[in-house]
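One structure is given below, encoded as structure tokens.
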Amino acid sequence: MNRYAGIVIDISHEKVDRPFWYRVPEELQGQIRVGMVVKVPFGKGDHTRTGYVVSLSEETDYDPDRLKSILSVESTAETTESRLLVLSDWIRKTYGCTGIQALKTVFPIRERMNAREKRRIFLAVEPQKAARELEALSPVRYKARRRLLSELIKAGEEGIDCTWASRNLNAGKSVTDPLVRDGLIRIENENEWRIPFDGTTIEREAPRILNPEQAEALGCILEEWKKENPRPTLLCGVTGSGKTEVYMELIQKVLDEGKQAIVLIPEIALTYQTLRRFYARFGPIVSVLHSRLSAGERYDQFRRAASGDARIMVGPRSALFTPFADLGLIIIDEEHEPAYSSESVPRYHARETAVFRASSEGARLVMGSATPSMEAYYKASRGEYLLTTLSGRYEDRSLPAVSVVDMRQELRSGNRSVLSRELREALQECLDDHSQAMLFLNRRGYAGFVSCRSCGYVVKCRHCDVSLSQHLNGRMVCHYCGYETETPSVCPVCGSHYIGGFRAGTEQVEKIIAKEFPQSSILRMDMDTTRNKGSYEEILKAFAEHRADILIGTQMIVKGHDFPDVTLVGVLSADLSLNEADFRCGERTMQLLMQAAGRAGRGRKPGRAVIQTYHPDHYSIQAAASQDYESFFRAEIAFRSLLGYPPAAAMLIIHGTSEDQDLLSKGMHFLQLFVERIREKADVTVVGPAPESIGRINDMYRMALYLRHPDQKALIHIRGMLEKYIAINSGFNHIYIQYELR
């Protein structure tokens, strides 16, 4: 039987943009496995290259007689690099991108940085002999040498930093060179890691005792791990239930096995608090990766992971590709967050990519959230994931009391402020009690939608049940099917003139709060105040140390933070995400509101949340107010199943971008026609093409085509056919195509 291997050649050569197929010789057929390192002929003449086996097959699209054969197996053991190459090939096949784009994602650090070195001075003789030499030195002529030897005797085996000795002891080369020549001291160069997080001031903490519910969840997970092929775990716990303590016990279990762990968090804003907690438990084996690090810092964190100096990596999405040699556990905290989905090519999702990496490397996967994504909870309900729950808060603390304020009634009673009367009174009580408050401005989905402040009516598409987006030309457009209509000047339901887009931002809210509560101190956290490196940490640290009474911000302030003194959370604009032009808007709204409310009452004092909305009866807002995820899931999955949206069905979004609007429109139309020709066999639903929610960025026009099918594999097959169709049609040379699989 013939066998063929797909092999990625030397990844430092960017022109090698795909796996190359080789024949597996008969004598190697029982040895070759995916992930192995092999030697193959490559190019003209007798040139050979090292390659990595990324796939095996009994069939090939190429002429078998023209394929070259693998020469030898270089390593029977899988390497960290070869396993990551297998992962990059899976990303290429699943999400539709070039091999190089996948490789750059999985290997984000490609440029070698110079190592930072430090020089240390050590005694080269016994301390007693050094003391005798010290006494023999003239105190007048050799003052600096005497100081240096004296400090080295005190320092013992730790030695002294050269820079410190030069600055504080005046012990430069003229002092050290004679002592080295006489054999009294030695100078060694040591690699110094660029450490982006200073944990030296953090006190180490002993493990906390788990409560019965946490212990039960831990036991269920460990029991699943005993199986030959353990399922991914979804840990569904209410806000403040102590999911992190369960994570830490699982990590300790993995460390005891001699393995490493990756902890994914959705936002850079969460790194400060998360790192402090993990460092307090595990110490300097904890490292961090995120986009605000310098190139040298990022390079050193990957080196630390590869060398074993770091055994726990904390960070956003890209930390998933940490080159651990013996990965034992991947944790995805706040699993529901959209930040885990890449918006650049390849448009991979960290959850599905983590499932593949964990499975292929024999690691375990644990996802945690108080408000799981529909996809994860759907799989858990079908038994594909293990579902464990934490229904109560840690130390039996109560969930916050949540009240919903109808802003339509506020307007009718003459209150046109962004603050309802109830929230204004609650803020005053909070300040009088010397507690802290968080004001969350739900800006997600604010761009473009039009609503009536009198009755709550939102202008929606008559075909897709999503809000229409307002464009500069006064037209309103559906970004799923292209339906257009005029922007109304009066509400078609109640006749009110209070209809339009939402205008308030965090800066305006800050001015209003400062005016109404002049005695309060305020911090604002948004994109404008967090542009600089370290700005997240500075703001969060200041609020944690109670240097401010009120923290105003967007989504970044309600994601996983733990401030014990916060007793009040106010949601100023719950409806904005509810009116986003996306079928997930109900899910995102419920998640944001439940997460926001969950920031209150995490300490000893009871908490309270006030949700301001124009749609108080919407099931997303009602579920968030009652902290009832299960009721929301039942309502939402019925809606998704009816319309054929994920997770009830799979969706492939084809994104097109071009400088030429007419060319883009024509190209996307031809893609639609191509899919229409094959959809009878594939039973695929085609919607669009239509403009993206933002139709033009930097003079590049943007459109999207939506395909839906019950089976994701069918959409991946269609995408492959589309890639071939685009490759042979020169008209697409000036259209940039991306694929997003949901």
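Look at residue 718 and say whether it is outside the structural domain of residue 344 (by TED's automatic domain parsing) and within 25 Å of the chain's Cα centre (by Cα).
So residue 718 does not fit the description; no.
Among the candidates 360, 369, the residue that is at pLDDT below 95, over 13 Å from residue 234 (Cβ atoms) and touching a helix residue (DSSP H, G or I) at 6+ places or on another chain (Cβ under 9 Å) is uniquely 360.
Free of Cβ contacts under 8 Å to residues at least 40 places away in the same chain and in a helix (DSSP H, G or I): is that true of residue 213 in this structure? Quick ask: steps written out before the conclusion?
Working: free of Cβ contacts under 8 Å to residues at least 40 places away in the same chain: no; in a helix (DSSP H, G or I): yes.
Against the criterion (free of Cβ contacts under 8 Å to residues at least 40 places away in the same chain and in a helix (DSSP H, G or I)), residue 213 does not qualify.
For region 156-171, residues that are surrounded by fewer than 17 Cβ atoms within 10 Å (Cβ to Cβ) and closer than 14 Å to residue 124 by Cα total 3.
A quick yes/no check of all residues on (1) of a type in the set (Val, Ile, Thr); (2) surrounded by fewer than 18 Cβ atoms within 10 Å (Cβ to Cβ); (3) touching a strand residue (DSSP E or B) at 6+ places or on another chain (Cβ under 8 Å):
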site: 511; (1), (2), (3): no, yes, no
site: 514; (1), (2), (3): no, yes, yes
site: 519; (1), (2), (3): no, yes, no
site: 522; (1), (2), (3): yes, yes, yes
site: 530; (1), (2), (3): yes, no, no
site: 534; (1), (2), (3): no, yes, no
site: 541; (1), (2), (3): no, yes, no
site: 549; (1), (2), (3): no, no, yes
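Please go through region 136-149 and pick out each residue that is at pLDDT below 85 and not aliphatic (A, V, I, L, M). Within region 136-149, 138, 139 qualify.
Any residue at all in region 84-97 that is surrounded by fewer than 20 Cβ atoms within 10 Å (Cβ to Cβ) and among the β-branched types (Val, Ile, Thr)? Scanning region 84-97 turns up no residue that is surrounded by fewer than 20 Cβ atoms within 10 Å (Cβ to Cβ) and among the β-branched types (Val, Ile, Thr).
Determine whether region 327-336 contains at least one residue that is surrounded by fewer than 22 Cβ atoms within 10 Å (Cβ to Cβ) and at pLDDT 90 or above.
Initial filter on region 327-336 (surrounded by fewer than 22 Cβ atoms within 10 Å (Cβ to Cβ)): none.
Scanning region 327-336, I find no residue that is surrounded by fewer than 22 Cβ atoms within 10 Å (Cβ to Cβ) and at pLDDT 90 or above, so the answer is no.
Which of the residues spanning region 721-742 are loosely packed, with under 14 Cβ neighbours inside 10 Å and among the hydroxyl-bearing types (Ser, Thr, Tyr)? Scanning region 721-742 gives a single hit, 730.
For region 617-645, the set of residues classified as assigned to a helix (DSSP H, G or I) and polar (S, T, N, Q) consists of 620, 622, 626, 631, 641, listed by residue number.
The values are calculated or read from the model by the stated rules, or taken from the named source; none is laboratory data. All of these numbers come straight from a predicted model, not from anything done at the bench. A quick note on method: Cβ atoms are made from the backbone with ideal geometry, for glycine too, and the neighbour counts reach across all protein chains shown.
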